[in-house]
């Protein structure tokens, strides 16, 4: 009897080790740094891809869909792993781009200017995306760079939406986490999912989120949450990240998305300037 229990425990241990090993190695992460000589600027990215899907693509058996992840202000490009891993697990090539450098000036607000003075920041983000994609085409050619899923939190969500305004022909869908400045496109050329916070500090500019009837016609899904603006990254509570991931997963499956209103346990404020 004792020997049987010992064998059973040993088998359970082996299974657990195999499970965690498979989980660790199923998704490959790699950080790459390119240099844009025309702007004299490094562009650092992290790629996340499922190893089996990558092997299929390398063998010419599949083409990887591409998701581009854009970070919020003061949040690093590597701090959205809960989203990068979700897309990678679904067979995407997930590309997270570092848009801000230590040498860049602070983000400022200038009332009366386009996007309250943020236009140069969005243009820099667009240039970073175009440059990173061009570089990846040469080293990871078996991916669909012509139909991008743009994803972004806060300022990164505005970069995502601004990119979609400039290049709608390259967009498969857009997912934003509480972007505040750039209005959504309403021509129905692609579907949009947006998570909105309930935050007394970070307020969405007028005209960014269309009226309900306009959203319905344009294929824009608005998910109102009780989350704080700064919780929508890896720094946020697990409950928030899980709720966003589950809702995003449903949206990618069948175009539906929702989060049931419920109290969310919160720790100390993680980020004070993600906008």
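The values are calculated or read from the model by the stated rules, or taken from the named source; none is laboratory data. What you are looking at is a predicted structure, and each value in this text was computed from that prediction instead of being measured. When we count neighbours, we look across all protein chains shown, and the Cβ atoms used for this are built from the backbone with ideal geometry, even at glycine.
A compact table of results
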quantity	calculated
Test: residue in segment 251-262 that is at pLDDT 95 or above and not in a loop (DSSP other than H, G, I, E, B)	yes
Filter result (touching a helix residue (DSSP H, G or I) at 6+ places or on another chain (Cβ under 7 Å) and in a helix (DSSP H, G or I)) within segment 122-154	122, 125, 126, 129
Conditions (1) out of contact with any strand residue (DSSP E or B) (no Cβ under 9 Å at 6 or more places or on another chain); (2) surrounded by fewer than 18 Cβ atoms within 10 Å (Cβ to Cβ); (3) touching a residue at least 12 places away in the same chain (Cβ under 8 Å); number of the one not met by residue 211	(3)
Odd one out for residue 100, checked against (1) within 22 Å of residue 163 (Cβ to Cβ); (2) touching a residue at least 60 places away in the same chain (Cβ under 8 Å); (3) part of a loop (DSSP other than H, G, I, E, B)	(2)
In segment 49-81, residue surrounded by the most Cβ atoms within 10 Å (Cβ to Cβ) [restricted to those that are over 9 Å from the mean Cα position of the chain (by Cα) and under 22 Å from residue 231 (Cα atoms)]	72
Residue list for segment 104-121, restricted to those being touching a helix residue (DSSP H, G or I) at 6+ places or on another chain (Cβ under 9 Å) and part of a loop (DSSP other than H, G, I, E, B)	104, 107, 108, 109, 110, 111, 113, 118
Identity of the residue in segment 179-191, without any contact (Cβ under 8 Å) to a residue 40 or more places away in the chain and within 19 Å of the chain's Cα centre (by Cα), that ends up surrounded by the fewest Cβ atoms within 10 Å (Cβ to Cβ)	183
Filter result for residue 84 (in contact with a helix residue (DSSP H, G or I) (Cβ under 8 Å, 6 or more places away or on another chain) and either surrounded by 20 or more Cβ atoms within 10 Å (Cβ to Cβ) or within 22 Å of residue 248 (Cβ to Cβ) (or both))	no
Sole residue being under 15 Å from residue 243 (Cα atoms), modelled with pLDDT of 95 or more and surrounded by fewer than 24 Cβ atoms within 10 Å (Cβ to Cβ), chosen from 221, 176, 194, 204	194
Boolean, residue 138 is surrounded by fewer than 24 Cβ atoms within 10 Å (Cβ to Cβ), over 16 Å from the mean Cα position of the chain (by Cα) and either without any contact (Cβ under 8 Å) to a residue 12 or more places away in the chain or closer than 30 Å to residue 60 by Cβ (or both)	yes
Total residues in segment 48-70, condition under 30 Å from residue 122 (Cβ atoms) and outside any loop (DSSP other than H, G, I, E, B)	9
Test for residue 271: is it touching a helix residue (DSSP H, G or I) at 6+ places or on another chain (Cβ under 9 Å), modelled with pLDDT of 95 or more and surrounded by 17 or more Cβ atoms within 10 Å (Cβ to Cβ)	no
